[in-house]
Amino acid sequence: LIYDSFAQYLVAEKGYDKDLLTLAPDSLDFCCKGLVLDIEEGNFLKLAEDGTVLRASHGTKSMTSEEVLETYGRREWKHFNTVSGMVSRSAKYYLYDNYFDLPGALLCARAVDSLNQHDSQKKYDFWKDMVAAIQHNYKISAFKEDCGAYFPEVKNHPDKYLQRCPESVKKWLKQLKSAGKILLLITSSHSDYCRLLCEYILGNDFEEYFDIVITNALKPGFFSHTPNQRPFRTLENDEEQEALLSLDKPGWYSQGNAIQLYELLKKMTGKLDPKVVYFGDSMHSDIFPAHHYSNWETVFILEELLGDKVTVPAETESEPLEKKGKYEGDQPKAPYFVSKQWGSFFMDRLPGLENAEETLVRTWSCKCISTYSTIAIPTLEAIADLPLDYRFTRFSSNSSATAGYYPSPPRALLPNEESVTMK
């Protein structure tokens, strides 16, 4: 749906090739979190922890090891310094780091293929159109105005796109609340879309699970901006109202900043430095800024940890074929497979010349996990049945790089002997 909503805009509004609208079933294999798009070159890159290029493609076409070495050498990629500093806005590159825009990577790659066919370009200029497609589909008024292809479709067929929250997770949220914890929901989605999701996923009483709900939080700016740059606003019928000078009580708010939120948490807990544990699934918008600016504990929800064990949920197996989505053939359901084109999210071989000894290194994405998250888990379900006082082993500079993965580290990070015994 995300791919289609961007592609329809590029074809209808910007005159791109109609071929972009058709999607071969296995082409979504291209989508892999942690890729960086070099906008001017039309190249996608997978980076090692030291910033060298492990794999690359021009458009959708993989470059050979020799081509990678010839183009990028064994040195730090030219924009690695700003990428690794999590500098988000750049006209030079874009980091694909969450599932909300990841299908756009495939669309950009195919746009490059298509531009090459019509005229071999040296510098590419598709990015402004891609940004326009994202804004058109996801802008704050799009849900209300039924604009774009994304929101109208989710509204009309929530059952096709949303999975209900497991009972174990609902029970866990209630346990946390009755144990006196303050529960926050902080999302960059606007209040109308958030309400649709939460009512479907948690039920009509979803507001009872949370003390504070913050929508249109515009992360990562929520963490990095000051109160006067990004004040909180109240909402009336999903319309943002005047800016608030301070946050005085729990409730539902829009925009805002972590500084004033923390002041409210001090008031509510009566503690000088209340401990916040923040769960998120985007390194760039959630985990890095919460850790770096707010010094909160962070739990990284990393679906790639499910890649080791591919299972098709029981209920889909029994469904008649015509009810299945068009890509749900025999393959595991996205996004839990490892991309054939890009390999493991966690480790990869250095591009070497023929017959050279191969060296395995951690990816930059993998390094970020142990640097900025306290622990990493595949889903909330994985921890929902644990006692609330369960003590997790955290990532830390003096423990092994796999310490903070719960329930177990990705197989790619284990020495081969260990992975054999685990099979």
Self-check item: Distance between modelled label sites at Asp248 and Glu199, nm, 7 Å Cα→Cβ extension
Solution: 3.0 nm
Exercise. Roll a 1.4 Å probe over the protein heavy atoms and report the accessible area of Val87 in Å², nearest 10.
Key: 70 Å²
Quiz item: For segment 1-92, what class follows from the C-alpha gyration tensor (a ≥ b ≥ c being the square roots of its eigenvalues): rounded when a/c is under 1.5, otherwise prolate if a/b is larger than b/c, else oblate?
Solution: prolate
Quiz item: Relative to the first principal axis of the alpha-carbon coordinates of the chain, what is the inclination of helix 167-178, with its axis defined by its Cα atoms, in degrees from 0 to 90 and to the nearest 10?
Solution: 40 degrees
Quiz prompt | Gyration tensor verdict on segment 107-224 (Cα atoms; rounded if a/c is under 1.5, prolate if a/b is larger than b/c, oblate otherwise) | solution = prolate
Self-check item: Neighbour cut-off at most 14 other Cβ (10 Å), DSSP loop, trypsin sites (Lys or Arg not before Pro), segment 28-67
Solution: none
Exercise. With a 1.4 Å probe and all protein chains in place, put Tyr278, Tyr406 in order of accessible area, largest first.
Key: Tyr406, Tyr278
Quiz item: Expressed as cubic angstrom per residue, what is the convex hull volume of the alpha carbon set of the chain?
Solution: 169 Å³
Quiz item: Using 0.36 nm per residue, how much length does the chain from Asp119 to Gln229 gain when fully extended, once their Cα-Cα distance is taken away?
Solution: 35.2 nm
Practice problem: For segment 54-68, just list the computed ³J(HN,Hα) in residue order, Karplus coefficients 6.51, -1.76 and 1.60, θ = phi - 60°, integers in Hz, with x standing in for Gly and Pro. | Solution: 8, 9, 8, 9, 9, x, 8, 8, 4, 8, 6, 3, 4, 5, 4
Quiz prompt | Antiparallel %, DSSP beta bridges [both residues in the chain], to 5 | solution = 60 percent
Practice problem: Using a 10 Å cut-off on Cβ atoms, rank the peptides 200-213, 172-185 from the highest mean neighbour count down. | Solution: 200-213, 172-185
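Which of the residue pairs Lys46/Lys92; Lys14/Lys155; Lys61/Lys122; Lys155/Lys177; Lys123/Lys340 have a Cα-Cα distance greater than 21 Å in the structure shown?
Lys14/Lys155; Lys155/Lys177; Lys123/Lys340
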Practice problem: Label segment 378-418 by shape, choosing from rounded, prolate and oblate, from the square roots a ≥ b ≥ c of the eigenvalues of the Cα gyration tensor; if a/c is under 1.5 it is rounded, and otherwise prolate applies when a/b is larger than b/c, oblate when it is not. | Solution: oblate
Exercise. Rank-order 382-391, 293-302 by packing density, defined as the average count of other C-beta atoms within 10 Å over each peptide's residues, highest first.
Key: 293-302, 382-391
Quiz item: Rounded to the nearest whole Å², what accessible area per residue is found for segment 128-244 with the 1.4 Å probe?
Solution: 50 Å²
Self-check item: Estimated FRET transfer efficiency (Lys18, Asn81; beta-carbon r; R0 51 Å; 0.05)
Solution: 0.80
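The values are calculated or read from the model by the stated rules, or taken from the named source; none is laboratory data. What you are looking at is a predicted structure, and each value in this text was computed from that prediction instead of being measured. Ideal geometry is used to build each Cβ from the backbone, glycine not excepted, and the neighbour counts take in all protein chains shown. Surface accessibility is based on the protein's heavy atoms, side chains included, excluding ligands, DNA and RNA. Shrake-Rupley method; radii C 1.70, N 1.55, O 1.52, S 1.80 Å.
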